[in-house]
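Visitor: Below is the structure I would like to discuss, written out as structure tokens.
The values are calculated or read from the model by the stated rules, or taken from the named source; none is laboratory data. Since the model is a prediction, treat every value here as computed from it, not as a measurement. Positions of Cβ are backbone-derived with ideal geometry, glycine not excepted, and every protein chain shown enters the neighbour counts.
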Amino acid sequence: MSEIIEIKNLLRELAIKDKIQELIEAWIEIWNQGYIDNFPKICIESLQKELDVYDFAEYILDKNETIEDRYSCYNRLNIHLNRGVTLENYEEAINIQKKLYKKLLLESIDKIGYINCIEQENSDERLYIFTNLYFPKSLGHSPSTIVEILNNELKKYFNQVIIVITNPYHFPYPLAPLEYRLFDSTCPDIDNNCVYNYKDVTFIRFGGYVSEALYLEFVNHQKFTNKDKFLLVGHSNIHFDLIKSDKKISIPTSESSREFSNSSYQTSNYQTSNSVKIFKNIFNKKFKTIQATSDWTRKTNLQIITKNKNIDENINIAIVGNRLDIELDIEFFKYLEKAIKIIPNLKFKIIGEQPKLDLISKKLLKNIEFISFISDLENYFIENIDFYLNPKRFGGGQSSIISIKANIPVITLAYGDVYSAIQKKYFINSFDEIADFIKNYIEDKDFKIKIDNMNKEILIDSSKVFEDMIRTIVKI
């Protein structure tokens, strides 16, 4: 048994240090040597079937396991939901995930207690931006872009702005399947407990659970006060949720994760003509809503090319995403086949993760070009793309805004983050209507003007709303 404990400690150390290749090699050796029976039930079951949210829940709720390992398993569940759950089960899985996070948070409050902010009238106003992932050199990672935009705007108003990265480490114990995409490096070249400065951005990383780095020592040194403000970009951040303050603001990066924090305020770009939609936090308290921008993309001064397409010319349609291998199913490709029967010269540019080729007919493949990830999407859109097509999914909101900035219309169902990003102004009822939308936009002048004007409204509104949002955050 002592040997198994040593193996588990070694695996945990590899996970914490982000030594993914060595971790995977160790897993393979454990499987080959028959040691897997000494690991948690979830590890054994992963070899026998595809894990579902209930398998993860059983482990995460098991208090015989350490909270550090259960928190890392929660992170693996989050990756699992983002990459592998069918849309039919998605809402149920998200509700279970929310309950699991609440359990972990309550247990952490009991274990550690709240982090209080002291009353201090003459203290400086400081801002702390929390996020689970931040890549300082990223051009295509939306949360990192949002963090940097907030940092650049808000540092004008605060004496100090610090980005606090609190990424959970990878689940250390053997889980099938061994897909390398499940092990993307969380924060490459960023060590724990070190302060970094990069292009006027100050950030520090505390990886793992609250107790596994020097986060609590950092808190004691900073001595949070009632003047400080705290932003969360993303969701499920125990480091953030342990802070007891009425000046906490969550900025969700997906519509599905709105209720995964205990902040008092939350940004939202959803507004009806009569009232703002009501959202509640993890403890079922109503958020105070701050009207937010749809456009979290970087500012550019590119020259827009006006395109006057003819229906007989090649028409290039972008499908963009880093999870397209999961998001594009056989039914979606059948809809694309129907569209090219009506407009044979449609050309689909699949940008990002390549979908499974066995889902695509040979005939349709002739109309598809696979393109890897592109850092400068806006320039590519301007030069190469005529329409942006959104599959049925969560995610993709900011790439759709980039398309609008490039004067390219969005084709989407009334569903998910893209529909929210375009402020629910227009949509198609079914993917059967792809060809109809394209024909109408090209051949019906009034329809084109209507869509173009709505897209201009989105950008104009977003610019004004962004300024108002920043002012509101400063005044809280």
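Visitor: Of these, Y71, Y59, Y54, which one is under 22 Å from the mean Cα position of the chain (by Cα) and either among the basic types (K, R) or not assigned by TED's automatic domain parsing to the domain that holds G208 (or both)?
Guide: Details: Y59 fails: under 22 Å from the mean Cα position of the chain (by Cα); Y54 fails: under 22 Å from the mean Cα position of the chain (by Cα).
One residue alone meets the criteria, Y71.
Visitor: Out of the residues in the stretch 200-216 that are out of contact with any strand residue (DSSP E or B) (no Cβ under 9 Å at 6 or more places or on another chain) and part of a loop (DSSP other than H, G, I, E, B), which is nearest to S72 (Cα to Cα)?
Guide: Quick first cut of the stretch 200-216, residues out of contact with any strand residue (DSSP E or B) (no Cβ under 9 Å at 6 or more places or on another chain) only: 200, 209-211.
Applying the additional criterion that residues be part of a loop (DSSP other than H, G, I, E, B) yields 200, 209.
Numbers: D200: 31, Y209: 8 Å.
Across the stretch 200-216, the extreme among qualifying residues is Y209.
Visitor: Is at least one residue of the stretch 266-273 more than 24 Å from the chain's Cα centre (by Cα), part of a loop (DSSP other than H, G, I, E, B), free of Cβ contacts under 8 Å to residues at least 60 places away in the same chain and closer than 25 Å to Y419 by Cα?
Guide: At the first step, the residues of the stretch 266-273 found to be more than 24 Å from the chain's Cα centre (by Cα) are 272-273.
Those still in the list that are part of a loop (DSSP other than H, G, I, E, B) too: 272-273.
In the following step, the residues that additionally are free of Cβ contacts under 8 Å to residues at least 60 places away in the same chain were identified as 272-273.
After this cut, where a residue has to be closer than 25 Å to Y419 by Cα as well, the list is 272-273.
The answer is yes, given that some residue of the stretch 266-273 is more than 24 Å from the chain's Cα centre (by Cα), part of a loop (DSSP other than H, G, I, E, B), free of Cβ contacts under 8 Å to residues at least 60 places away in the same chain and closer than 25 Å to Y419 by Cα.
Visitor: Quick check on my filter: what residues within the stretch 425-471 are part of a helix (DSSP H, G or I) and of a type in the set (G, A, S)? It would help to see each step written out before you state the result.
Guide: So the first thing to find is which residues in the stretch 425-471 are part of a helix (DSSP H, G or I), and the list is 431-443, 445-471.
Within the stretch 425-471, A435, S462, S463 meet the criteria.
Visitor: Can you tell me which residues in the stretch 217-251 are within 24 Å of S72 (Cβ to Cβ) and of a type in the set (D, E)?
Guide: E217, D241, listed by residue number.
Visitor: Quick check: is even one residue across the stretch 201-211 under 30 Å from K49 (Cβ atoms) and at pLDDT 90 or above?
Guide: Looking only at the stretch 201-211, we keep the residues that are under 30 Å from K49 (Cβ atoms), and these are 208-209.
Among the residues that remain, those that are also at pLDDT 90 or above are: 208-209.
Yes; the residues of the stretch 201-211 include at least one that is under 30 Å from K49 (Cβ atoms) and at pLDDT 90 or above.
Visitor: Output yes when any residue across the stretch 380-395 is more than 27 Å from S138 (Cβ to Cβ), under 23 Å from the mean Cα position of the chain (by Cα) and assigned by TED's automatic domain parsing to the domain that holds N455, and no when none is. Can you show your working first?
Guide: Initially, the stretch 380-395 is screened for residues more than 27 Å from S138 (Cβ to Cβ), giving 386.
Add one more test, that the residue is under 23 Å from the mean Cα position of the chain (by Cα), and what stays is none.
There is no residue in the stretch 380-395 that is more than 27 Å from S138 (Cβ to Cβ), under 23 Å from the mean Cα position of the chain (by Cα) and assigned by TED's automatic domain parsing to the domain that holds N455.
Visitor: Residue by residue through the stretch 161-186, note down the ones that are surrounded by fewer than 19 Cβ atoms within 10 Å (Cβ to Cβ) and modelled with pLDDT under 95.
Guide: First pass over the stretch 161-186, keeping only residues surrounded by fewer than 19 Cβ atoms within 10 Å (Cβ to Cβ): 162, 176-185.
Passing the criteria: A176, P177, L178, E179, Y180, R181, L182, F183, D184, S185.
Visitor: Hey, can you tell me all the residues within the stretch 221-270 that are over 17 Å from Y114 (Cα atoms), touching a helix residue (DSSP H, G or I) at 6+ places or on another chain (Cβ under 9 Å) and of a type in the set (D, E, K, R)?
Guide: Within the stretch 221-270, E255, E259 meet the criteria.
Visitor: Evaluate the stretch 422-442: report whether one residue or more is at pLDDT below 90 and surrounded by 21 or more Cβ atoms within 10 Å (Cβ to Cβ).
Guide: Filtering the stretch 422-442 down to residues at pLDDT below 90 leaves 422-425.
From what's left, surrounded by 21 or more Cβ atoms within 10 Å (Cβ to Cβ): 422.
Yes - at least one qualifying residue is present in the stretch 422-442.
Visitor: When the residues of the stretch 232-264 are narrowed to those that are part of a helix (DSSP H, G or I) and not β-branched (V, I, T), which ends up surrounded by the most Cβ atoms within 10 Å (Cβ to Cβ)?
Guide: Applying the first criterion (part of a helix (DSSP H, G or I)) to the stretch 232-264 yields 238-241, 255-257.
Keeping just the survivors that are not β-branched (V, I, T) gives 239-241, 255-257.
Numbers: H239: 23, F240: 27, D241: 29, E255: 19, S256: 21, S257: 20.
That would be D241.
Visitor: Residues that are modelled with pLDDT of 95 or more and buried (at least 18 other Cβ atoms within 10 Å of the Cβ): does the stretch 130-149 have at least one?
Guide: Looking only at the stretch 130-149, we keep the residues that are modelled with pLDDT of 95 or more, and these are 130-131.
Keeping just the survivors that are buried (at least 18 other Cβ atoms within 10 Å of the Cβ) gives 130-131.
Within the stretch 130-149 (the criterion being modelled with pLDDT of 95 or more and buried (at least 18 other Cβ atoms within 10 Å of the Cβ)), the answer is yes, since at least one residue qualifies.
Here's the yes/no breakdown for (1) buried (at least 19 other Cβ atoms within 10 Å of the Cβ); (2) modelled with pLDDT under 95; (3) out of contact with any Cys (no Cβ under 6 Å at 6 or more places or on another chain):
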| site | (1), (2), (3) |
| --- | --- |
| L14 | yes, yes, yes |
| E22 | no, yes, yes |
| G34 | no, yes, yes |
| E45 | no, no, yes |
| Y59 | yes, no, no |
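Visitor: I would also like to ask the following. Counting residues that are crowded, with 16+ Cβ neighbours inside 10 Å, which helices (runs of 4 or more DSSP H) fully inside the stretch 306-405 reach at least 2? Working first, answer last.
Guide: On the way: elements: 324-327, 330-342, 362-365, 377-384, 397-405.
Here the list reads 324-327, 330-342, 377-384, 397-405.
Visitor: Which condition number in (1) in contact (Cβ under 8 Å) with a residue 40 or more places away in the chain; (2) of a type outside the set (S, T, Y); (3) farther than 15 Å from R393 by Cα is the one that L328 fails?
Guide: Here L328 clears every test but (3).
Visitor: Which helices (runs of 4 or more DSSP H) sit wholly inside the stretch 1-82 and have at least 2 residues that are more than 27 Å from S257 (Cβ to Cβ)? Outline the logic, then answer.
Guide: On the way: elements: 2-16, 20-33, 41-45, 53-60.
Here the list reads 2-16, 20-33, 41-45.
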